[in-house]
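Student: Here you go, one structure.
Bear in mind these aren't lab numbers, they're just calculated from the coordinates by the rules spelled out. Computed from a prediction, not measured in an experiment: that's the story for all the values here. Cβ: placed from backbone, ideal geometry, glycine included. Neighbour counts: every protein chain shown.
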Amino acid sequence: MKNQIAKIKEELGTKLSTVSAADGLAVIESSFKKTMKELFTDMKALVPEDKREAGQLINELKNEFEAKFKAMRAELASGAKTEVTLDLSIASPEFVRGKIHPLIRVGKMMEDVYKEMGFSIAYGPEVENDKHNYEMLNMPYYHPARDMQDTFYLEYPNVLLRSHTSCVQIRYMLAHKPPFMIISPGVVYRVDEIDMQHTPCFYQVEGLVVGEGINLANLKWAMTESAKRIFGDSLQVRFSPCYYPYTEPSAAVDMSCIMCGGKGCRTCKGTGWMRVAGAGMVHPNVFEGVGYSRETQGFAFGWGLNRLPMLYFKIAEMRKLFENEISLWEQL
Ligand SMILES: [Zn+2]
């Protein structure tokens with residue numbers, strides 16, 4: 001019973017500390033009277049030696065709280081304690097405004113630039129099959145180039161996460177006849193170890209232009225022009241021979257390093273250049289695979305979009321784009 005009384009005392013103390021109106025006090029008082037009655041009834045069942053101690057404690061509790069109720073009634077009646085539930089003078093908590101992720105921002109910038117240049121936008125599924133991701137891009141199952149673009153499988157060997165958005169181009173060509181100019185932006189996946197310039201999931205913006213008389217000079221102009229519209233006229237773009245199974249001839253596309261202005265730094269590994277895209281004239285086997293003539297002319301390119309926000313916002317490491325580091329985002 002000693003513990004029970006201590007508990008009642010504690011609970012009542014808490015209730016009284018929050019009461020701010022006479023009505024609330026009356027409810028507590030009425031409940032207290034009921035509790036007292038129950039305690040006296042319980043006490044009668046105790047053995048004589050415990051009964052004396054319990055009686056004393058119950059009386060102490062009764063006297064203490066009756067005095068408190070009396071004091072509080074007087075306080076409330078005098079208006080010394082008034083009810084305050086809403087304080088309009090309190091400053092509101094700071095509202096933090098979110099921002100669009102740098103990858104999405106640069107992706108939208110690219111889309112706008114290409115739309116200005118007359119391109120349409122095509123989207124496709126991230127979960128692909130072997131046929132659209134490899135085979136129709138001139139990479140049969142035995143082709144060694146598949147190793148460079150190895151991906152993650154949901155069901156081996158046919159259901160996979162696309163390793164590029166070139167499969168969107170295949171789907172587009174199957175459904176349309178030339179001439180056309182499209183870009184296909186989106187997320188792609190590769191079995192790449194994470195380092196300063198690689199992550200297993202990244203964004204690409206690929207382009208495809210097919211039509212009569214389309215040539216390598218058109219490709220060089222389109223890529224240089226789009227890069228300059230984003231990064232400014234002082235940007236240098238260079239093309240060097242490269243190999244891709246789906247284009248012939250193929251080119252690797254480098255941009256002068258924005259971090260160091262081409263002098264050489266950690267991000268560009270001291271070269272002054274950064275590899276940002278791959279491009280080339282579409283291979284006749286690819287055209288044939290989608291039902292076009294082998295004589296069809298067209299070029300394709302693919303920007304590794306993760307590199308561009310790094311350069312645009314001057315972020316030294318690609319993996320920072322996927323770490324929720326608030327202090328970094330606040331600077332952008
Ligand atoms: Zn550099």
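Student: Could you tell me the center-to-center distance, by alpha carbons, between segment 158-220 and segment 266-280 in angstrom?
Tutor: Going from one Cα centre to the other spans 19 Å.
Student: Using Cα-Cα distances under 8 Å and only pairs 6 or more residues apart, what relative contact order does segment 231-288 have, in percent?
Tutor: Numbers: 98 pairs, mean separation 18.6, N = 58.
This gives 32 percent for segment 231-288.
Student: Between the DSSP loop rule and a limit of at most 14 other Cβ atoms within 10 Å, which GluC sites (Glu not before Pro) in segment 1-106 are left?
Tutor: Passing sites in segment 1-106 are 83, 94.
Student: On to the next question. For the chain, set up a Gaussian network in which alpha carbons nearer than 10 Å are linked by springs, and say which option among 300, 175, 251 fluctuates the most.
Tutor: Ranking 300, 175, 251 by mean-square fluctuation puts 175 first.
Student: Could you tell me how far the Cα centroid of segment 2-16 sits from the Cα centroid of segment 21-95, in Å?
Tutor: Rounded to whole Å, the Cα centres lie 9 Å apart.
Student: While we're looking at this one, here's another question. Tell me the label-point distance for the pair residue 56, residue 70, using the 7 Å Cα-to-Cβ offset, in nm and rounded to one decimal.
Tutor: It works out to 2.3 nm between the two label points.
Student: Find how much the distance from residue 192 to residue 101 grows on full extension, using 0.36 nm per residue of separation minus their present alpha carbon separation; answer in nm with one decimal.
Tutor: 30.5 nm
Student: In terms of Cα to Cα distance under 26 Å, which lysines are near enough to residue 34, apart from those fewer than 8 places away along the same chain?
Tutor: 2, 7, 9, 15, 44, 51, 62, 68, 70
Student: How big is the Cα convex hull of the chain in projection, averaged over all directions, in nm²?
Tutor: Result: a mean projected hull area of 31.6 nm².
Student: Here's something else I'd like to know. Can you compute the modelled spin-label distance between residue 89 and residue 269, with each label point 7 Å from Cα toward Cβ, in nm?
Tutor: 6.5 nm
Student: Sticking with the crude label model, points 7 Å out along Cα→Cβ, report the distance from residue 6 to residue 148 in nm, one decimal please.
Tutor: Distance between label points: 7.8 nm.
Student: Something else: By DSSP, what percent of the beta bridges with both residues in the chain are antiparallel, rounded to the nearest 5?
Tutor: Looking only at bridges with both residues in the chain, the antiparallel portion is about 95 percent.
Student: Using modelled backbone amide H atoms (1.01 Å from N, in-plane), which distant-in-sequence or interchain residues come within less than 5 Å of residue 180's amide H?
Tutor: Amide H to amide H, under 5 Å and 5 or more residues apart or across chains, residue 180 pairs with 210.
Student: Does anyone have the angle between helix 22-44 and the longest principal axis of the chain? Alpha-carbon axes, 0 to 90°, nearest 10?
Tutor: The two axes meet at around 60 degrees.
Student: Next question. Could you calculate the contour length gain from residue 176 to residue 31, that is, 0.36 nm times the residue separation minus the distance between their Cα atoms, to one decimal place in nm?
Tutor: 44.1 nm
Student: How tilted is helix 102-116 with respect to the longest principal axis of the chain? Cα atoms for both, answer in degrees (0 to 90, nearest 10).
Tutor: The angle comes out at about 40 degrees.
Student: Roughly what angle does helix 216-231 make with the longest principal axis of the chain, taking Cα atoms, 0 to 90 degrees, to the nearest 10?
Tutor: Result, in degrees: 30.
Student: Give a quick list of chymotrypsin sites (Phe, Trp or Tyr not before Pro) in segment 119-153 that DSSP marks as loop, anything other than H, G, I, E or B, with at most 15 other Cβ atoms within 10 Å.
Tutor: Passing both the DSSP loop test and the Cβ count: 123, 141, 142, 152.
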